[in-house]
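Here the structure comes first, spelled out in structure tokens, and everything after it is commentary.
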Amino acid sequence: MAALDRIDLQIVGLLRKNARLSNKEIAERVGLAPSSCLVRTRQLQQAGVITGFKAEVNPLALGVGLQAMISVRLKRHFKPDVEAFRQHALDLPEVVRLYHVAGPIDFLCHVWARDPEHLRDLAMTAFTAREEVSHIETELIFEHVSSDELPPFLGYSGPE
């Protein structure tokens, strides 16, 4: 796919804010015929610009009492150890996001837990017990919000 133009960025911006918008509504907002808008949206998906559509859920409604970030430092930044820990973390149902980062730590794991005991057990059995793990730190998350805005450096200013 060629570079994204203003209309592509408008489509992406609208879907980022509300993935349930109908094609007809998106087409109206960006000034395209519905058929042209659908073609562009499909091209954005095929090109990997739009990678999926997800539902946001309320963790409390699912019985999640705590959210935390677990910082993990590996004993050595050796590819087999990195890959082994990465796969292990992704296999844990409590891990909702995983970030492989640069700096003094190697991974940030966003986890959901029922209660403090569940979080403690998770840290002790799923993280510190791993051979490749050198150190962990756990921070409780008081609030978790996401921005659905596209950064202005992309040239997107919203539908006109």
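The values are calculated or read from the model by the stated rules, or taken from the named source; none is laboratory data. Because the structure is a prediction, the values reported are computed rather than measured. Note: ideal-geometry Cβ built from the backbone for every residue, glycine included; neighbour counts use all protein chains shown. Heavy atoms of the whole protein, side chains included, go into the accessibility calculation; ligands, DNA and RNA do not. Shrake-Rupley method; radii C 1.70, N 1.55, O 1.52, S 1.80 Å.
Could you tell me which residue of the stretch 131-144 is most open to solvent (accessible area, probe 1.4 Å), considering only residues that are part of a strand (DSSP E or B) and more than 22 Å from Arg76 (Cα to Cα)? Checking each candidate, the answer is Leu140. For the stretch 1-51, give me the residue count where each residue is hydroxyl-bearing (Ser, Thr, Tyr) and open to solvent by less than 60 Å² (accessible area, probe 1.4 Å). Residues that pass the stated criteria total 3.
Can you find, within the stretch 145-155, the residue that is nearest to Val64 (Cα to Cα) among those that are among the hydrophobic types (A, V, I, L, M, F, W, C) and exposed (fewer than 11 other Cβ atoms within 10 Å of the Cβ)?
Filtering the stretch 145-155 for residues among the hydrophobic types (A, V, I, L, M, F, W, C) gives 145, 150, 153-154.
From what's left, exposed (fewer than 11 other Cβ atoms within 10 Å of the Cβ): 145, 153.
Values: Val145: 16, Phe153: 36 Å.
Selected residue: Val145.
Taken over the stretch 73-107, the criterion of being closer than 19 Å to Pro59 by Cα and touching a residue at least 12 places away in the same chain (Cβ under 8 Å) is satisfied by Leu92, Glu94, Val95, Val96, Arg97, Leu98. Applying the criterion of being charged (D, E, K, R) and part of a helix (DSSP H, G or I) to the residues of the stretch 63-91, the residue that is nearest to His118 (Cα to Cα) is Asp91.
Screening the candidates Leu38, Leu60 for the property of being in a helix (DSSP H, G or I) and at pLDDT 95 or above yields one hit, Leu38. Residue check: Leu32 meets all listed conditions (1) part of a loop (DSSP other than H, G, I, E, B); (2) under 21 Å from Asp148 (Cα atoms) but one, namely (2).
Considering every residue within the stretch 119-130, establish whether at least one is part of a strand (DSSP E or B) and either surrounded by 15 or more Cβ atoms within 10 Å (Cβ to Cβ) or touching a Cys at 6+ places or on another chain (Cβ under 8 Å) (or both). Break it down into steps so the answer makes sense when it comes.
Applying the first criterion (part of a strand (DSSP E or B)) to the stretch 119-130 yields none.
The answer is no; no qualifying residue exists.
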